[in-house]
Amino acid sequence: MDIEPDHPSAREDQEALRRLLLKAARACGLPEPAAGLTIPPHPAAVEAVHRAQRARRTGPAGAPDRHPLPSPAAGALVPVDPEDQPHLARSLTRALARLPDRTAADGKPVTASPGRWTATERAVLADTLALLGAVWPRMLGELRTVVAQVALLDGMAIDGYTDFTVHGAVLINRRRLSPTRAGLPGPVRLAEALVHEGTHNRCNAAAVSAPFLAPAADDGAGLLATPLRADPRPLSGLFQQTVVLARCVRWYRLLAGGQAAGDRHDRLLGDLRAAVTTLEAHRSGLTGHGRRLLDQSALVASAGGGATPAAGRGHRPR
């Protein structure tokens, strides 16, 4: 894996993960172990393997969950609604349980819930994929290899996330499909969210074959301050944030989409530089693979400059 997206190597990493999941499914006695474990995998099929493994370890006499795996997903980057997607509801429950309790100004809990796609939002997703294809086709190719389902979130608790237990899904807050008051269009914001969450999926699959962190590095580093989270994160969290930020900065440099995009680029660049500085201090905790990605991220950070040429915002380089 590199900062620059690459469809062939992404597919190799996904295939290595698929073989691992198939082996685990067979060991747990799951029927039709190949069903749903495609590229990209059906997130519910990935969850079924994880649940069967847990049942085998902790259930009565190690009895596996023998429910059939879901059929293969309909394709890549498919918008899905909450109905008939209980794996996503379970994932969200786990994500919320890891967050500190917060209350809004009205005293009500800040939370999140699964959301349905409107026809307008489906059109925004279609526009987003067309934009990615025009501006960064290599990224779109990689996303189609690692992301099967795109789900929406309502509420203020979570902006977006991925979950290795439902690998192949990205969950994104509905707000990311709307333009900002500063003028950043919805498709541009959603593209950034897909690059962000898709990169987490990419990292998770890539680490199966070639880990980024040395053994026990997370334990040795303790919890660290990171630019994208208020709560301290382990070294693995800082590492993935660094890679995500480098790719998001690259997105806005390629886009060259006006003042609002330039401002967003500059904010992300500041976060990237902070992440690189902190990660450099823990360089010894990275493998060769991880150090290479850190070096590539540092190059993106050191390039500086805005997302658009100095001659004028809104010009797209040919």
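Hydropathy first: keep DSSP H helices in the chain averaging at least -0.5 on Kyte-Doolittle, then drop any whose Cα extent along the axis falls short of 18 Å, and list what survives.
119-135, 186-209, 235-255, 259-280, 288-303
Applying 1/(1 + (r/R0)^6) with R0 = 25 Å to the Cβ-Cβ distance of Ser9 and Ala97 gives a FRET efficiency near 0.15. The simple Förster model, with R0 at 25 Å and r as the Cβ-Cβ distance, assigns Arg54 and Leu223 a FRET efficiency of 0.45. Across the range 121-168, Cα-Cα distances exceeding 19 Å account for 38% of all pairs. Hydrodynamic radius of the chain by the Kirkwood approach over all distinct alpha-carbon pairs: 20.4 Å.
Packing, taken as the mean count of other beta carbons within 10 Å per residue, orders the peptides 259-268, 224-233, 284-293 from highest to lowest as 259-268, 284-293, 224-233. At an R0 of 22 angstrom, the distance between the Cβ atoms of Ala105 and Asp231 translates into a FRET efficiency of 0.55. One way to sum up the overall shape of the range 3-93 is the equivalent ellipsoid from its Cα gyration tensor, whose semi-axes run 24, 17, 12 Å, largest first. Take every Cα pair under 8 Å whose residues are at least 6 apart in sequence, average their separation, divide by the length of the range 1-137, and the relative contact order is 18 percent.
Given the options Gly222, Gly29, Gly141, which has the most mean-square fluctuation in a GNM of the chain, springs set between C-alpha atoms less than 10 angstrom apart? Between Gly222, Gly29, Gly141, it is Gly222 that shows the largest mean-square fluctuation. Relative contact order of the chain, taken over Cα pairs closer than 8 Å and 6 or more residues apart, is 17 percent.
When Rg is the radius of gyration of the Cα atoms in the range 153-292 and Rh is its Kirkwood radius, what does Rg/Rh come to? When Rh is taken as the Kirkwood radius, the ratio is 0.97.
For the range 246-296, what Kirkwood radius comes out of the mean inverse Cα-Cα distance, in Å? For the range 246-296, inverting the mean 1/r across all distinct Cα pairs yields 11.9 Å.
Sorting the segments 119-127, 72-80, 194-202 by their mean number of nearby beta carbons within 10 angstrom, highest to lowest, gives 194-202, 72-80, 119-127.
Stretched out straight at 0.36 nm per residue, the stretch from Leu22 to Asp84 would grow longer than its current Cα-Cα span by 20.0 nm.
Taken together, the values in this text are just the output of simple stated rules run on the coordinates, not laboratory data. Please read these numbers as outputs of a predicted model, since none were measured by experiment. Positions of Cβ are backbone-derived with ideal geometry, glycine not excepted, and every protein chain shown enters the neighbour counts.
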